[in-house]
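Notes follow the structure.
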Amino acid sequence: MHSVTHAASIGAFKLSSDKNRDRKTGNRNSRKPEVKLTHRSPVMAVSESQPKVVTGDHGYVLEDVPHLTDYITDLPTYPNPLQDNPAYAVVEQYFVDMDDTIAQKIVVHANSPRGTHFRRAGPRQKVYFKSDDVHACIVTCGGLCPGLNTVIREIVGSLHDMYGVKRIEGIEGGYRGFYSRNTIPLTPKAVNGIHKRGGTIIGTSRGGYDNKKIVNSIEDRGINQVYIIGGDGTQKGASAIYEEVRRRGLKVAVVGIPKTIDNDIPVIDQSFGFDTAVEEAQRAINAAHVEAESNENCIGLVKLMGRNSGFIAMYATLASRDVDCCLIPESSFYLEGPGGLFEYVEQRIKENGHMVIVVAEGAGQDLVAESLRTNDDKDASGNKLLNDVGLWLSQKIKEHFKKQTEMEFNLKYIDPTYMIRAVPSNASDNVYCTLLAQSAVHGAMAGYTGFTVGPVHGRECYLPFYRITEKQNKVVITDRMWARMLSSTNQPSFLNTKDIIESIMDEAPPTQLLDDQLADNSLVTKEATVC
């Protein structure tokens, strides 16, 4: 027996054990009667939408995504054009089963409940848009990231080649382009080679978000599929656009494709462009290593992207194997005194004659702000403006070693940030972007809306907006990957015992080892009290 918390979705997404499925389709052989509707359809009384959660036996929970039928009644369905696509004739099962879901956690115990699941992405047997009626648009927002052009190219190609959609436009210059700029016609010919170029052919910007103006433009232009590519702030905007579209009862599918070079989107395995960024970051690290090795008592300092999450710095450090110290936002550090960064730098220089330091742009911001007495200004997207930790750290290291008159010292500072953002995506990211784009198009054509797409344990899923905007993905400094990085660099953790215990309590699940550690620390505390 399954229950659904969102009343409008009862029946529409009921899970079933019905086995009456066609071998090629994999879906139940049922069809709704077709009813002609205008663009603005009759709607139920709708306020802000509530999460759709389906519960089942053994602790099964499906965090589902909205569907057009949640608020528009009697929508007709049409056969999916893919069933006549010769390229898919070789596929044993054309369509994704309506009951297919992907588990959020795959490491379980014998008595674990089935846990949270997400709806599997892919083509459905029935679609809710006629190909000739689709008027789609694509918009890119925020900073540049490798793979933007690839996603644009593959959305256009999927709409045109798989579903026969002819009207596709690019919104020029980010969100404000909806109401202040012209659109750019997008055809397969126009986007044919753009995946080999960095940046975005339709332009991007920060800020300019005006929800009502954007939805007015969508309605006035007759757009019924909106593909929004951007980071967490952009996806929050996309969620608000969906809510306004829903409030007005418009037959418009709003789809997000999460983009962030920092890999700080939660739930999904990885964000597109991250693999390329790590690969390019290694080039800068290699240059710093060459400079450090070639000069006496030289430090090569590289600043990499990572406002709040240090994934690029950590993975690039692990991949290069030439880094002696990696500093990220999640792990605080200090400069002076025993166990501080200066002491470690002196030690490495004396031992090896050179050193390579990688620092994420968001690392040590509390130290920089205290030193420079800066304010909390924000950019057009509402992000706090960061101080240049690379330049600050370079100056601090120089000042420290200037006092050490007996030691000759060199420092080479490299900041490849904008070079990395501007490169085209590599082979791995190109394939990933293709999967994201195709999954987004399949979802929109199947009538899903108010969702974003991404891989969970290697399978593309449809995720409700709130799951990727409620928090940021961060490096867990009590995780094995961070331990591997520390082992690779041999750097100190710069954390005292109290900091480590607090991190374990906040982030790690209870284990026998953890229980033993806490018991030992408790015993030490009691003994100290008695003494």
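Nothing in this text is a laboratory measurement; each read-out follows from the coordinates by a stated rule. Model, not experiment: these values are computed from the prediction. Because the Cβ atoms are built from the backbone with ideal geometry, glycine has one as well, and the counts that use them run over all protein chains shown.
Sorting the segments 291-301, 61-71 by their residues' average number of neighbouring beta-carbon atoms within 10 angstrom, most packed first, yields 61-71, 291-301.
Modelled label positions at Ser180 and Gln50, each set 7 Å beyond Cα in the direction of Cβ, lie 3.9 nm from each other.
Take every pair of alpha-carbon atoms less than 8 Å apart whose residues are at least six positions apart; their mean separation over the length of the range 262-406 yields a relative contact order of 24 percent. Which of the listed residues, Ala288, Ile257, Gly300, is farthest toward the dipole's positive end in the range 231-301, when Lys, Arg count +1 and Asp, Glu count -1 at the beta-carbon? The residue sitting most towards the positive pole is Ile257. Give me the Debye-computed log₁₀ of I(q)/I(0) at q = 0.13, 0.18, 0.20, 0.25 Å⁻¹ for the range 240-284, equal point scatterers on Cα only, no solvent, two decimals. Calculated log10 I(q)/I(0) at the listed q: -0.48, -0.66, -0.71, -0.85.
Taking a sphere under 10 Å around the Cβ of Pro188 and counting the other residues whose Cβ falls inside, with K and R at +1 and D and E at -1, yields a net charge of +1.
Remark: spin-label model distance Lys402-Arg247 equals 5.7 nm, labels positioned 7 Å along the Cα→Cβ axis. FRET efficiency for the Ala369 to Asp97 pair, using the beta carbon distance and R₀ = 60 Å, is estimated at 0.70.
Size of the dipole of the range 224-362 about the Cα centre, Lys and Arg at +1 and Asp and Glu at -1 on the beta carbon, nothing else charged, in debye to 20?
Computed about the Cα centre, the dipole is about 1000 debye.
Which three numbers, in whole Å and largest first, are the semi-axes of the equivalent ellipsoid of the range 257-410 derived from its Cα gyration tensor as √(5λ)?
Largest first, the range 257-410 gives 28, 20, 12 Å.
Applying 1/(1 + (r/R0)^6) with r as the Cβ-Cβ distance of Asp220 and Val290 and R0 = 60 angstrom yields a FRET efficiency of 0.60.
Computed from phi, the 3J(HN,Hα) profile of the range 216-223 under the Karplus parametrisation 6.51, -1.76, 1.60 (θ = phi - 60°) reads 4, 5, 4, 5, 5, 7, x, 6 Hz, with x in place of Gly and Pro. Here each label is just a point 7 Å from Cα along the line to Cβ, and for Met419 and Asp479 those points are 2.8 nm apart. Structure note, pairs Lys52/Lys471; Lys412/Lys474; Lys105/Lys259; Lys396/Lys474; Lys105/Lys126; Lys105/Lys196: Cα-Cα distances above 25 angstrom occur for Lys412/Lys474; Lys396/Lys474; Lys105/Lys126; Lys105/Lys196. Ranked by the mean number of other Cβ atoms within 10 Å of their residues, highest first, the peptides 236-244, 87-95, 112-120, 183-191 fall in the order 236-244, 112-120, 183-191, 87-95. Using only alpha-carbon positions in the range 54-110, the gyration tensor eigenvalues give semi-axes of 29, 22, 8 Å once each is multiplied by 5 and square-rooted (largest first). Qualifying GluC sites (Glu not before Pro) in the range 104-204, where qualification requires a DSSP coil assignment and no more than 16 other C-beta atoms within 10 Å, are lacking entirely. Across the range 91-117, the residues whose backbone nitrogen lies under 20 Å from the label position 7 Å along the beta-carbon direction of His58 are 97-117.
Report the calculated FRET efficiency for Ala190 and Glu336 (r = Cβ-Cβ distance, R0 = 60 Å), to the nearest 0.05.
0.55
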